[in-house]
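Comments concern the structure below.
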Amino acid sequence: MPGAHARRRRRIPFAIAALLGLVVLVLPTSGDAEATASSSVTLQSNKTHLVDGGWVQFSGSVSSPDINCETSREVRLRSLAPGGVWTAIKTVPTGGDGGFVFGLQPEHSARYDVWVPSVASCERAVSSPALALPVAVKVVLTGPTQGVPAGNCGTLKASVQPPHPATAVQFQRLVGSTWTTIGTAPTGTGKPAAYQACEQWADMGTQTWRAVWSAADAQATDNADGLSTSLAVQVVKAPWMVHIDQLIGSRNVGVAVASGGALLYEHADTTAHVPASNEKLLLSMALLDRTSAQTTIPTIAEAAAVNANGVIHGGLWLVGRGDPTLDPKGMQRLADAIQNAGVKQISGSVRGSTEYFSHDWFAPGWKPEFPAEEVAMPTALTYQGNTVDGRHVQQPERVAAAALTRMLRARGIKVIGDAKSGVAPAGLQPLAQVSSPPLRQILQDQNVDSINFDAEVLGKLLGVMASGQPGTIAKGAAAMHAWAASHGVTTTSEDASGLSYSNRVTSLGLVRLLQFADSEPWGPALRSTLATPGEGTLEHRLHGIDVQAKTGTLDNISALSGWVGLTATGHAAEFSILSGGFDESAAKDVEDQIVTTLANFGH
């Protein structure tokens, strides 16, 4: 019995095992465990890049050997943002042909794929490789619709979508064929970037602008660079410019105005005009650029020797070096200095030296009467403007020697001979000298009252500095021409005073030279030499206007150039107004109205 019982216990597990095996065979499995049909899926887009606000269409299809694995399959569109994870954003079923379509309006750049989950006997599938779709920000640029007057500013605004607060927008202008960044401005929270486009005379006409947002500049990775469409901005004449145009009308007038290195206004400014006494401006600049505003010019008493008894055997020579201001007071100082040097007797004569400057007294373009009426002979040794009783003298050096002779005799110094002039011999020694006022003061007297004699004497002195002895009118004119040319300005110069009708310069050229003067240490000295309202040649002109200027007048020719203070900016502007072909009185009226307009409204 025990054995039978044991056999029964061995048979029971076998029966249970047989039953369990049957269960494994009939229980169904789910999902991938029983999938046998392979699947694949494709994905493409109708755009390779996008601007924010635009639509993209994704499409593709599911393929499988089993047609049942193509139809009505769930397809999930997934996106991967930079630095993010794959996220399902849309789901659609496949159609009868296995195809599918997604429409999307993305704000940010991302990569995309589709994922098809497994179902029944159909395998899952994922598209590969992922599609990259950069989305650029949308940049919209707006600007002034009525144009920007030259000398004013217009606001350009650039909005960026999607918003990227506190990131920079570049405002670029088309210069020639190149886009050039003119300025940048940040976007705000809910506000566009704003930039003030300030325009000058040189910007007149149509300008083309655009705005650029750069992901690199913004250190942003969720959007691609954005670029606005081009915007045309009109730069037009300001009302004050139109008014000056009207003042000029059809007259032959050239005008140039500049401030801060930029042209503010121009009208026929490259037309060459006769500058008249504005030529003295060229002389002043050329001299100040070559020597100091504090330079003085000597007049020297020289002799071979003075013996122990204070006697000069032979003559005492009076040698000039181009001081146009020597007058009786200066000659008295020289006589005192000679007496203080111990001179008691001159056995010969006081002689005026004639060799440092030539005795040329005419220039191309002068009227024949000018030497007699407008300018005395410019010599190196001068005395009282080389004029006696209102007449221009032929031998000014002898006149100077005679004056010194009288003054020495008045001091008890015996002078045996009469005054003479000639070429001084070699080997003379200086006994005494007097000096002119500083060059700045000489130029101020010359420019305020427009003294032709001073200008021609200083012109010859400039000629000596540039080309050596003897000084001539032509050498001085050539030095002025060369100086202007060295600064890019073409002139025709025949003299230093501006009496020549053959001189030529443009208003733009003069303004360019005045701009150069402003950049030099001697610039303030030059400005101080010019007339202001109520003095000299501006005695009855431009009252109440902040202006320093040089006038110029010949028959039917007028000029006015210098600096005028601009009320609108608080800065000074260089200006030049040159005219010809109509009455100088009418020309001066036009000049004064132009300068007044500049002072009150120019900017």
Report task. Could you list all residues from the range 372-384 that are open to solvent by 20 Å² or more (accessible area, probe 1.4 Å) and either within 17 Å of ILE473 (Cβ to Cβ) or free of Cβ contacts under 8 Å to residues at least 12 places away in the same chain (or both)? Result -> ALA372, GLU373, GLU374
Requested in this report: Sort through VAL101, VAL119, VAL62 and tell me the only one that's touching a Cys at 6+ places or on another chain (Cβ under 9 Å), at pLDDT 95 or above and of a type in the set (Val, Ile, Thr).
Outcome: VAL62
Query raised in the report: Only one residue in ALA276, ALA293 is hydrophobic (A, V, I, L, M, F, W, C), at positive phi and over 26 Å from the mean Cα position of the chain (by Cα), so which one is that?
Result: ALA276
Query raised in the report: With respect to the numbered conditions (1) at pLDDT below 95; (2) touching a Lys or Arg at 6+ places or on another chain (Cβ under 7 Å); (3) of a type in the set (S, T, N, Q), which one is the sole condition not fulfilled by SER497?
Result: (1)
Report summary line: Of the candidates LEU598, LEU560, the one satisfying the condition of being touching a Lys or Arg at 6+ places or on another chain (Cβ under 9 Å), open to solvent by less than 60 Å² (accessible area, probe 1.4 Å) and closer than 25 Å to ARG504 by Cβ is LEU560
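Residue-by-condition table, conditions (1) assigned to a loop (DSSP other than H, G, I, E, B); (2) within 22 Å of ALA478 (Cβ to Cβ):
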| site | (1), (2) |
| --- | --- |
| MET331 | no, no |
| ASP336 | no, no |
| GLN339 | no, no |
| VAL343 | yes, no |
| GLY348 | yes, no |
| GLY352 | no, no |
| GLU355 | yes, yes |
| ASP360 | yes, yes |
| PRO364 | yes, yes |
Report task. Evaluate the range 314-322: report whether one residue or more is assigned to a loop (DSSP other than H, G, I, E, B), on the phi > 0 side of the Ramachandran plot, in contact (Cβ under 8 Å) with a residue 24 or more places away in the chain and buried (at least 20 other Cβ atoms within 10 Å of the Cβ). Result -> yes
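Residues are listed down the side, and each one gets a yes or a no for (1) open to solvent by 10 Å² or more (accessible area, probe 1.4 Å); (2) of a type in the set (Lys, Arg); (3) under 28 Å from LYS367 (Cα atoms); (4) not in a helix (DSSP H, G or I):
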residue	(1), (2), (3), (4)
ASP454	yes, no, yes, no
LYS460	no, yes, yes, no
GLY463	no, no, yes, no
ALA466	yes, no, yes, no
GLY476	no, no, yes, no
ALA479	yes, no, yes, no
PHE516	yes, no, no, no
GLU520	yes, no, no, yes
ALA525	yes, no, no, no
Requested in this report: Would you tally the residues in the range 386-400 being within 19 Å of GLY422 (Cα to Cα) and assigned to a loop (DSSP other than H, G, I, E, B)?
Outcome: 3
Query raised in the report: Could you say whether any residue in the range 188-200 is outside any strand (DSSP E or B), open to solvent by less than 40 Å² (accessible area, probe 1.4 Å) and closer than 29 Å to HIS267 by Cβ?
Result: yes
Report summary line: All-but-one check, ILE300 against (1) surrounded by fewer than 23 Cβ atoms within 10 Å (Cβ to Cβ); (2) in contact with a helix residue (DSSP H, G or I) (Cβ under 7 Å, 6 or more places away or on another chain); (3) hydrophobic (A, V, I, L, M, F, W, C), failing number (2)
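Okay, residues lined up against (1) within 30 Å of ALA525 (Cβ to Cβ); (2) buried (at least 20 other Cβ atoms within 10 Å of the Cβ); (3) free of Cβ contacts under 8 Å to residues at least 12 places away in the same chain:
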site: ALA341; (1), (2), (3): no, no, no
site: GLY348; (1), (2), (3): no, no, no
site: ASP360; (1), (2), (3): yes, no, no
site: GLY365; (1), (2), (3): yes, no, no
site: ARG391; (1), (2), (3): no, no, yes
site: LYS414; (1), (2), (3): no, no, no
site: SER421; (1), (2), (3): no, yes, no
site: LEU428; (1), (2), (3): no, no, no
site: ILE442; (1), (2), (3): yes, yes, no
Query - Residue tally, condition hydroxyl-bearing (Ser, Thr, Tyr), more than 22 Å from SER45 (Cβ to Cβ) and open to solvent by less than 40 Å² (accessible area, probe 1.4 Å), over the range 122-153 - result: 0
Query raised in the report: Out of (1) aliphatic (A, V, I, L, M); (2) under 20 Å from the mean Cα position of the chain (by Cα); (3) modelled with pLDDT under 95, what's the single condition that is false for VAL255?
Result: (3)
Report summary line: All conditions in (1) under 53 Å from the mean Cα position of the chain (by Cα); (2) open to solvent by less than 50 Å² (accessible area, probe 1.4 Å) are true of SER435 except (2)
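The values are calculated or read from the model by the stated rules, or taken from the named source; none is laboratory data. Quantities reported herein were computed from a predicted structural model and do not represent experimental measurements. In this analysis, Cβ positions are derived from the backbone assuming ideal geometry, glycine residues included, and neighbour counts consider all displayed protein chains. SASA here: full protein model, heavy atoms, side chains in, ligands and nucleic acids out. Shrake-Rupley method; radii C 1.70, N 1.55, O 1.52, S 1.80 Å.
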